[in-house]
1. Using Cβ contacts closer than 10 Å as the measure, can you line up Val101, Val32 from fewest to most?
2. If we sort 172-180, 138-146, 22-30 on the protection proxy, mean other Cβ atoms within 10 Å, highest first, what's the order?
3. Can you give the Rg to Rh ratio for the range 9-115, taking only C-alpha atoms and Rh from Kirkwood?
4. Give the Debye-formula value of log10 I(q)/I(0) at each listed q (0.20, 0.21 Å⁻¹), with one equal scatterer per alpha carbon of the range 75-211, two decimals each.
5. Mind listing which chymotrypsin sites (Phe, Trp or Tyr not before Pro) in the range 13-93 are in a DSSP loop and have 14 or fewer other Cβ atoms within 10 Å?
6. Kindly put His198, His68 in sequence by how many other C-beta atoms sit within 10 Å of each C-beta, fewest to most.
7. With a cap of 16 neighbouring Cβ atoms within 10 Å, and only residues DSSP puts in a loop, list the trypsin sites (Lys or Arg not before Pro) found in the range 43-121.
8. Report the residues of the range 128-157 in range of a label on Tyr71: point 7 Å along Cα→C-beta, backbone N strictly under 16 Å from it.
Amino acid sequence: MFLLLTARQIHARPQSRIIKELESVMHDKGKVIYGRQTDDSEFFTLSRLNKAFQVIDPCRPPFQSLRHSEYSWNGQVEDLTQAEPGDEKLVQFAEEGKILVSLIFWTGMIRELENLYNLIELIALTKLKCGLALTAQSFEYMMQHPMEALIAHLDNGGIYPLAEPMLASCGIGVGIESVYDPSFLENFLDQGMERIKHKVKNKRLQPKGWWVTLDVDLKKRSWRQRPVSGPRMRSALPRRTVRRWIPAPPA
């Protein structure tokens, strides 16, 4: 597991400890930290330092030079949100007793971008209406293929108008939005949208929604789990035997 700070790599387990020790080094190393997490607590640690996190793997995506392509979408489709039901329709659904659910697929990390190939195939086969939570890097690396399927009609091999792209988390990576300094979060989101607009120049095709992580802080368990026994257990087995067969609590 590692984090990449410009040209410097750090290795540790757990990483949260060394992240805190290197806070002064990270301060002027840009907005995004690249690497792999050892556990989810590191998202909180980096977010408290007002850093966005991008998870990466070696050689993924395989053609990284596509990020520098000036290619832009030229589709003739309508607004990507046009298939979204209005408020009146949602009220009608609720009155009819329908359960209202929005399916949103997260694939905003650089190491996860290859998910889009299978995901778009799944949407095309099932005709599933959903949202895609994407970062600026999703557009930069996958603009031509397979993301161009978003603006190609189903009849022409695409998935329009089934999927709506949304800006994910802090726009240029993932973070715990509730612990950022508000001015930093606003700057991240602005930068994410500016990078997307550089690729998607047609306003009708730019993301309009925002998917938020909204994770809660992780706390250590403060209580101890006791063996469980009941009248039926006590009558059938000695108490010692019952204790022996109770599974250990999760770590």
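1. Numbers: Val101 5, Val32 20.
In increasing order of surrounding Cβ atoms, one gets Val101, Val32.
2. Values: 172-180: 21.9, 138-146: 19.2, 22-30: 12.4.
The densest-packed peptide leads the list: 172-180, 138-146, 22-30.
3. Numbers: Rg = 20.6 Å, Rh = 18.1 Å.
A ratio of 1.13.
4. After summing over all Cα pairs, the log10 values are -1.21, -1.28.
5. Numbers: sites: Tyr34, Phe43, Phe44, Phe53, Phe63, Tyr71, Trp73, Phe93; in loops: Phe63, Tyr71, Trp73.
Here the sparse-neighbourhood loop sites are Phe63, Tyr71.
6. On the way: His198 13, His68 7.
Neighbour counts put them in this order, fewest first: His68, His198.
7. Details: sites: Arg48, Lys51, Arg67, Lys89, Lys98, Arg111; in loops: Lys51, Lys98.
Of the trypsin sites (Lys or Arg not before Pro), the ones in loops of the range 43-121 whose Cβ has at most 16 other Cβ atoms within 10 Å are Lys98.
8. 137-152, by backbone N distance to the label point.
Bear in mind that the values in this text are calculations on the coordinates, not laboratory data. Everything quoted here is computed from the prediction, not taken from an experiment. When we count neighbours, we look across all protein chains shown, and the Cβ atoms used for this are built from the backbone with ideal geometry, even at glycine.
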